[in-house]
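Have a look at the structure below before the remarks.
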Amino acid sequence: MVFCTILDRSLVYFVQFHSARTAFFHSSRTALPCISRCFVTAMSSEPPPPRSSNPPRRAAASAREHIRRNPRRHAHRGRQLFHADDALFVADPEALTRKRTGIVYDEVFLQHQCEWFPQHDECPERLSKIIERCEELDLLSSCTRVPVRPATMEELEAVHPRSGYLDLLEKCRGMRDLEQLEDFCRYFDCLYLHPRSVDVAENAVGGTVDLVSRIAKGELQNGFSLVRPPGHHAGLVPNGYCVFNNLAVAAQAALNKGESRRLLIIDWDVHHGQGTQHIFAGDDRVLLVGIHRFENGAFWPCLAEGSMLSDVELPPTNVDSHLARTAKNILNLPLTKTELGDADYLALWFHVVLPAAFKFNPDLVLVSASAVNHMRLSPALFPHLVRPLMSLAEGKVALVL
């Protein structure tokens, strides 16, 4: 419940603040998101306690009793979770104990900013407003804070090439000449760097890796990595405001260490996460599901591989010719319209995303939970997207901003 509450209340400010910056407010540095009265009421009220007369809860209790009396008959189910209304129950009674929610956040992430264009969308307020709201609602006290640390070169090299990527970024670490730094960034698509950006990005990766590892090992039930700069566009090169792919590095580390063998990644950012797709395309241990604005390739990043893929050939790109390989583990849901609402996303979620996720049967779920602007989505939608995911992988779910 804490996990879904944090998701609901933090993404309220993230989505509305991001939308306000790009659509409604001209003074983006000082503008606060407008929250309607119904959203404030919904955020401030706790769900009513379950009633004993609730039929689904009676069914859940009956099923648990049946499993207890017939352990051998249900032994093959192991620790698989079942869902009945708002009650989660499992064949293994020990799994009924919900562990704490982990949270990754540090003031260091506010140091990453664009010195030559302070009005940039990817600004420190994008994160600070979320934390302020969570602190105002006293949500963080219910979570276990996971400290950040710099990612190791071994962790980064498992995902990003050293030559032409990691070595190149190392050269601009601590670069104080802003004009020289701006010229360096022009070689990349939609990227800015601060003298401290590489250090900040390494801490974002390290904190996310540790959060995912603790969830995968069962030390935490689930978690939210509130970090920046973002990461899902970074793959073969840094781009799209992304320095390192925080989620992908954490996912690869979990796979390499044997903490996960079947990993589900869901990316609901409005932009196609081509970096994550480039990294995991063809890896049958991973299922990647992406919902993004595509418009027949006219919307950034304007790549053909953002189209719907299922057992099709990825075309070669100007950055990497080896991507022409079969991608059976990629499920993209490219959207050709804007202004889609809650009902549209719920239809995609329950008719496409969840059936594919349950068929894949992951042991760990990661969500790239960044902006969904250009759509008409209410903050109340997001808990309805995340809650069903908690029926997968024994509830081991991590969201990465």
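The values are calculated or read from the model by the stated rules, or taken from the named source; none is laboratory data. Everything numeric in this text was worked out from a predicted model, so none of it was measured. So basically every Cβ, Gly included, is an ideal-geometry build from the backbone, and we count neighbours across all protein chains shown. Heads up: the accessible areas ignore ligands, DNA and RNA and are worked out on the full protein's heavy atoms, side chains in. Shrake-Rupley method; radii C 1.70, N 1.55, O 1.52, S 1.80 Å.
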Legend entry - Simple label model, 7 Å out from Cα along Cβ direction - Q180 to K99, nm: 4.6 nm
Inset, instruction - Between the alpha-carbon centers of region 260-294 and region 330-383, tell me the distance in whole angstrom. - result: 12 Å
Inset, instruction - Considering only protein heavy atoms, with the full assembly of protein chains and a 1.4 angstrom probe, order Y105, Y187, Y241 by accessible area, largest first. - result: Y187, Y241, Y105
Inset, instruction - Please list, or write none, the lysines whose alpha carbon is within less than 30 Å of the alpha carbon of K129, excluding same-chain residues fewer than 8 places away. - result: K99, K337, K396
Inset, instruction - Return, ordered by residue number, the residues of region 185-204 whose backbone nitrogen is under 17 Å from a label point located 7 Å along Cα→Cβ of L110. - result: 196-197, 200-201, 204
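If I take R0 = 25 Å and measure r between the Cβ atoms of L168 and N256 in this structure, what FRET efficiency does the formula 1/(1 + (r/R0)^6) give, to the nearest 0.05?
Working: r = 24 Å, r/R0 = 0.97.
Between L168 and N256 the formula returns 0.55.
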Inset, instruction - Choose one of F188, S141, G240: the residue whose Cα lies farthest towards the positive end of the charge dipole of region 114-253 (beta-carbon charges +1 Lys, Arg; -1 Asp, Glu; about the Cα centre). - result: S141
Legend entry - Paramagnetic label zone (point 7 Å from Cα along Cα-to-C-beta, A298; backbone N under 20 Å) in region 369-399: 373-376
Legend entry - Size of electric dipole in region 175-281: Cβ of Lys, Arg +1 and of Asp, Glu -1, about Cα centre, debye, nearest 20: 500 debye
Inset, instruction - Go through region 263-273 residue by residue and turn each phi into a ³J(HN,Hα) via Karplus (6.51, -1.76, 1.60, θ = phi - 60°); whole Hz please, and just put x for glycine and proline. - result: 10, 9, 10, 10, 10, 9, 4, 5, 9, 5, x
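With every protein chain present, what is the per residue accessible area of region 133-279 (1.4 Å probe, Å²)?
I get 36 Å² per residue for this part.
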Inset, instruction - On the full set of protein chains, 1.4 Å probe, figure out the accessible area of K99 and give it in Å² to the nearest 10. - result: 90 Å²
